[in-house]
Structures are given as structure tokens and as C-alpha cells.
Amino acid sequence: MHGTTARKQNRSRRGTAVAAVVGASLVLAACGSTKDTGAAGAEAGGTGKVGVILPLLTSPFWQSYNDYVPKTADSEGVDTLKTVNSNSDPSQQITDINNQLNQGVKGLVVAPLDSAAIEAGLDQAERKGVPVVAVDVAPDKGKVAMVVRADNVAYGEKACQYLGEQIPSGKVVQIMGDLASVNGRDRSEAFRACVKKNFPKLKVLEIPAKWESDTAASKLDTLLNANPDIKGIYLQAGGVYLAPTLQTLKSKGMLKTAGQAGHIAIVSNDGIPQEYDAIRKGQIDATVSQPADLYAKYGMYYIKAAMEGKTFEPGPTDHDSTIVKLPSGILEDQLPAPLVTKDNVDDPKLWGNTVK
């Protein structure tokens with residue numbers, strides 16, 4: 001789900017995929033080029049407790065990620081403490097990081113709430129020689145071993161392209177995430193820029209909702225009162241925006257299924273089961289599947305590698321992604337995030353179709 005500029009990050013193709021042995025009995029292919037640096041985390045041979053800090057648990061996306069963490073930690077040979085929920089509070093997240101460090105963790109996997117505020121926690125970890133892997137959101141500053149994230153610029157562009165192809169002209173609204181997060185900024189700016197460049201007959205209206213469902217519902221209600229002729233909606237986080245959006249449209253008699261006159265085309269982000277059900281019912285048209293399962297898997301993979309003193313370089317990986325260097329100098333493994341429509345919504349390979 002769910003922060004620097006919306007320009008496309010340079011997808012360097014330098015480096016090659018090599019094999020890395022991970023865990024006592026597990027062999028995984030390494031991402032990009034890897035080397036052993038003999039970092040502080042390697043002094044303990046890559047062992048020790050790992051803290052996992054969640055941004056929130058009110059979204060089905062993060063609930064699914066939370067469920068994947070212990071499973072992937074076990075398969076990757078990582079010993080994690082019970083996950084900690086920062087409950088959408090950036091200040092609490094810094095406290096959570098410090099609490100985990102005081103418990104003597106040897107590694108941290110954190111999903112930052114605020115791309116700038118997280119620096120304080122990252123600095124504390126660096127002072128203690130504890131490596132950190134960031135999941136879902138890249139920090140603006142601070143030291144992390146790797147960011148595990150999909151290309152959020154592509155999220156906004158895919159939503160723009162889909163809506164632009166469905167709607168020749170008229171008003172579309174994007175319900176934005178928290179602009180303190182690189183994800184909210186990337187998705188918002190990419191959608192806005194894509195519409196301006198490719199679909200000039202569309203007018204973009206915006207709702208800053210900070211990943212809050214109540215805020216999304218109330219502001220959408222107000223916007224629809226003033227603009228009942230909305231033709232399309234982009235939800236930057238289906239996990240928190242899908243239910244309130246559908247409920248608001250339903251309460252106004254504006255929830256028409258695909259093919260019906262007056263249907264409002266809706267594209268979402270996340271790839272949760274609820275979005276797939278809504279696509280099947282024709283309530284929404286598409287979503288971008290943000291890989292909760294791979295976030296957990298590679299969060300564990302990279303923290304173990306960091307604790308063993310391994311580092312990586314930009315380049316393609318063996319799991320259909322590319323490691324890129326962000327403008328901040330931080331490395332990011334950009335995992336694949338496919339567009340899901342009625343044509344492929346039943347694909348068994350999509351993580352949202354594997355959730356029980």
C-alpha cells in the first residue's frame with residue numbers, strides 16, 4: 001500500500017543474478033550482485049532475533065502481510081519476535097523501533113509510515129549496529145540494507161492508463177494516500193502526470209485521505225455532492241478505501257455494475273481478495289496486485305542476508321524484479337505488481353486468490 005518524486009527511477013541493468021545459499025537447508029537465488037562485507041551483523045553469523053514492525057492492521061492488505069510473516073520467516077530460517085503494530089502513528093513507530101532495539105534484536109524489518117520521520121528510528125538502529133530492511137515504503141534518508149517494494153510510480157501510471165482507455169473525457173478522482181509517504185507521493189504524482197500527458201480531456205479531482213477509510217468516505221461524499229458527474233475513481237489503497245467507496249456510492253444510488261449505464265470505472269491498488277470479489281461482481285474494474293506475500297518473503301530474505309554481512313548491487317534478479325538505486329543512494333528491489341482485471345482475476349498465481 002502504501003514516499004521522493006514521481007519521476008521514473010532509473011532501472012539499471014548492471015549486475016547479474018547469482019546464487020546465494022540462504023538458511024541451513026534452503027537455497028535461494030540472490031537478487032542482483034551480492035558480496036560479503038563482513039558487516040557488524042555478520043559477527044553473530046547472521047543469527048539472532050528479528051523484530052518486525054507493521055504500520056497498521058486495519059487494512060486487509062496488512063492483515064495478510066502479518067499472516068505471511070511467520071510462515072516466510074520459518075521458511076527462510078529467520079527467528080522473529082511477535083510482530084508489533086504501530087497503529088498508523090509515526091511517533092509510535094519510532095518508539096516501537098527503540099523498544100525492539102532495547103530487547104536486543106539483531107535485525108529489523110519495518111514498514112515505514114512516514115518516509116521522513118522514520119529516519120530517527122533508522123539512526124538508532126545504525127548506532128546499535130542493527131541492520132534494517134524497509135518494506136513497502138522507502139525512507140527519504142537513513143540507512144537500510146534494502147527496500148522491498150513494488151514500483152509505485154507504475155501503480156499510478158497503470159491506473160491512469162486503464163481509466164484513460166475506458167473514459168474518453170470527463171472527471172476522474174484519485175483518493176490519495178498519505179503524502180508523507182513516498183508511496184502516496186509516487187502514486188499521486190504519477191497518476192496526475194500520466195493523465196495530463198496522455199488523456200488531456202480528463203479532469204483530475206483529488207482527495208487526500210492519508211490511508212484513512214473514514215476520511216475517504218466523508219470527502220468522497222462531499223465531492224460527489226458537488227460533482228455527481230464523476231466517471232472514474234482511482235483508489236490508491238483498496239485495503240482501506242474499497243469498502244467506504246462502495247458504500248458511499250451505494251448510499252447515493254451511484255453503484256452501477258460494469259456494463260450498466262452510469263457505471264463509474266474504478267481502479268484500485270492492493271490485490272486483496274475483497275477487490276477480486278468486487279471485480280467479479282462488476283463493482284470495480286481493476287486493481288494492481290501489491291505482493292503482500294513477496295513483501296514478507298523478501299523482507300525475511302534480505303534481513304537474513306544483511307545479518308550475514310551480505311550486500312547487493314543494482315541489476316535484474318531471478319524473481320522477475322530489478323534492484324535499483326534510488327536518488328537517496330538506497331537500494332530497492334522493485335517486485336512485480338500486475339494489473340488485475342476480469343480477464344485474469346481468477347489466476348491462481350495471484351496471492352489474493354491464495355488467502356484462505
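The values are calculated or read from the model by the stated rules, or taken from the named source; none is laboratory data. Keep in mind that what you see is a predicted model, and the values were worked out from it rather than measured. Here Cβ is always computed from backbone atoms with ideal geometry, including for glycine, and neighbour counts include all displayed protein chains. Areas reflect the complete protein model, heavy atoms only, side chains present, ligands, DNA and RNA absent. Shrake-Rupley method; radii C 1.70, N 1.55, O 1.52, S 1.80 Å.
Among the residues of the stretch 326-340, those identified as open to solvent by less than 20 Å² (accessible area, probe 1.4 Å), assigned to a loop (DSSP other than H, G, I, E, B) and either β-branched (Val, Ile, Thr) or closer than 24 Å to residue 69 by Cα (or both) are 330, 337. With the condition kept exactly as written, say whether any residue in the stretch 306-325 is of a type in the set (Ser, Thr, Tyr), more than 19 Å from the chain's Cα centre (by Cα), surrounded by fewer than 20 Cβ atoms within 10 Å (Cβ to Cβ) and under 27 Å from residue 148 (Cα atoms). Within the stretch 306-325, one or more residues are of a type in the set (Ser, Thr, Tyr), more than 19 Å from the chain's Cα centre (by Cα), surrounded by fewer than 20 Cβ atoms within 10 Å (Cβ to Cβ) and under 27 Å from residue 148 (Cα atoms). Of all residues in the stretch 136-170, those satisfying the criterion of being part of a strand (DSSP E or B) and closer than 20 Å to residue 293 by Cα are 146, 147, 148, 149, 150. Considering only the stretch 157-164, I want to know if a residue exists there that is of a type in the set (Phe, Trp, Tyr), within 19 Å of the chain's Cα centre (by Cα) and surrounded by 17 or more Cβ atoms within 10 Å (Cβ to Cβ). Looking for residues that are of a type in the set (Phe, Trp, Tyr), within 19 Å of the chain's Cα centre (by Cα) and surrounded by 17 or more Cβ atoms within 10 Å (Cβ to Cβ), one finds none in the stretch 157-164, hence no. For the stretch 112-122, the count of residues that are assigned to a helix (DSSP H, G or I), surrounded by 23 or more Cβ atoms within 10 Å (Cβ to Cβ) and on the phi < 0 side of the Ramachandran plot is nonzero. Among the residues of the stretch 281-292, those identified as over 11 Å from the mean Cα position of the chain (by Cα) and not in a loop (DSSP other than H, G, I, E, B) are 281, 286, 287. With respect to residue 259, determine if the residue is farther than 23 Å from residue 181 by Cβ and open to solvent by 10 Å² or more (accessible area, probe 1.4 Å). So residue 259 passes the test. Taking the criterion of being under 29 Å from residue 349 (Cα atoms) and either under 27 Å from the mean Cα position of the chain (by Cα) or of a type in the set (A, V, I, L, M) (or both), would at least one residue in the stretch 226-233 satisfy it? Yes, because at least one residue in the stretch 226-233 is under 29 Å from residue 349 (Cα atoms) and either under 27 Å from the mean Cα position of the chain (by Cα) or of a type in the set (A, V, I, L, M) (or both). Can you find a residue that is open to solvent by less than 10 Å² (accessible area, probe 1.4 Å), out of contact with any Leu (no Cβ under 8 Å at 6 or more places or on another chain) and among the basic types (Lys, Arg) anywhere in the stretch 124-145? The answer is no; no qualifying residue exists.
Against the test of being open to solvent by 40 Å² or more (accessible area, probe 1.4 Å), modelled with pLDDT of 95 or more, under 20 Å from the mean Cα position of the chain (by Cα) and not hydrophobic (A, V, I, L, M, F, W, C), the options 200, 90 yield a single qualifying residue, 90.
Scanning the stretch 262-280 for residues that are surrounded by fewer than 23 Cβ atoms within 10 Å (Cβ to Cβ) and outside any helix (DSSP H, G or I) yields 262, 263, 264, 265.
Within the option set 253, 299, being assigned to a loop (DSSP other than H, G, I, E, B), at pLDDT 95 or above and of a type outside the set (S, T, N, Q) holds for one residue only, 253.
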